[in-house]
Amino acid sequence: MRRREFIRLLGGVAAAWPFEAYAQQKSLPLIGYLSVGLPQLQHPFVVAFREGLKESGFVDGETLIIDYRWAEEQYDRLPALAAELVRRKVDVIIATGEPSLRAAASATSTIPVVFVTGNDPVQSGVVASLAHPGGNMTGFTAIATELLSKRIELLSELLPKAGTVALLVNPNAASVSEVTIRLAQQAASAKNIRLLVVKAGNEGDFEAAFASIAEQRADALMVTADAFFFSQRERIVALAARHAIPATYELQEFVSAGGLFSYGPNVASLRRQVGVYAGKILKGARPADLPVQQPTKFDLMINLKAAKALGLSVPPSLLARADEVIE
């Protein structure tokens, strides 16, 4: 397979095109797509994003060009990648995740930015309000505050005697981790649960992190939604199983990999909506006039096989509320 074809498969063809090819299509709208993740793992979400664009009448390579910039889990690369997109004078920047959003916000105050983040963009100062963002930014937030509270509530229902819950965070995404820890501590305190914060920023940290969780006798584990953790989901799930630690996740892909249960929004659906918003902006809409939206539905996915391996009995009330159950 030729290099160009391979990169197209991963969703990064625009970044690989030679200058002449881009110059021939310079009249087409140009979108900059900024992500901290790995392209091969983000491909399903890129497909969903393109579907949203298509709903608005835009097709990559035909009626617009997408320039993908992947930090490949190196968070410190994001500012430079965002600056490159600004220099290319893209028409819209897509910022996936809080670190990408912060990099885009620092890079430009004029180019429209459509983001998807788990944090509150009002509290972080990105937008003036959800209904009236103002400025050059709008997008979608997964409202992490409610998610964390709900996940701890579900854990308490599954493990009513749980007294200590560990929270796995990525120190490389410090700004995100700080907010997540604060919100998790508030949610845990409300349930009289002690929160144990454990960090893993590279592959070599996981063994020590899970050993610490076991030594501290944590009753359960919450794994934050992080691009690095997403790429390491099979290893995280395997370590949780080896140490017999019930774990909850925000993303369904962890449960598909063998994890216990997840509760969160459908990421692919969010990315499709990001594509729709980008299309509206390309047609003339102003980010300031497009309200920041929140998911209207959160999915609960339970893996009964994992529960059985842990010796857990899932309450019928919890199973009744599940959107999907893996036997």
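Answer yes or no as to whether Ala95 is touching a strand residue (DSSP E or B) at 6+ places or on another chain (Cβ under 9 Å), within 17 Å of Met222 (Cβ to Cβ) and not in a helix (DSSP H, G or I).
The answer is no for Ala95.
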Please determine whether any residue of region 154-173 is in contact (Cβ under 8 Å) with a residue 40 or more places away in the chain, surrounded by fewer than 21 Cβ atoms within 10 Å (Cβ to Cβ), over 21 Å from Asn266 (Cα atoms) and touching a Phe, Trp or Tyr at 6+ places or on another chain (Cβ under 6 Å).
yes
Across region 188-205, what is the total count of residues that are part of a loop (DSSP other than H, G, I, E, B) and not small (Gly, Ala, Ser)?
4
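Would you say Val255 is closer than 20 Å to Glu51 by Cα and among the β-branched types (Val, Ile, Thr)?
For Val255, the condition - closer than 20 Å to Glu51 by Cα and among the β-branched types (Val, Ile, Thr) - is not met.
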Pro160 fails exactly one of (1) more than 30 Å from Ala306 (Cα to Cα); (2) of a type outside the set (D, E, K, R); (3) part of a loop (DSSP other than H, G, I, E, B); (4) out of contact with any helix residue (DSSP H, G or I) (no Cβ under 6 Å at 6 or more places or on another chain), namely (1)
Being surrounded by fewer than 24 Cβ atoms within 10 Å (Cβ to Cβ) and closer than 19 Å to Ala285 by Cβ is the filter here; which residues of region 113-127 pass it?
Pro121
Applying the selection to region 68-83, what residues are over 16 Å from the mean Cα position of the chain (by Cα) and either among the hydroxyl-bearing types (Ser, Thr, Tyr) or surrounded by fewer than 21 Cβ atoms within 10 Å (Cβ to Cβ) (or both)?
Tyr68, Asp76, Arg77, Pro79, Ala80, Ala83
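Every number here is computed from the coordinates shown, using simple stated rules; none is lab data. Everything numeric in this text was worked out from a predicted model, so none of it was measured. Positions of Cβ are generated from backbone atoms using ideal geometry, with glycine treated the same way; all protein chains shown enter the neighbour counts.
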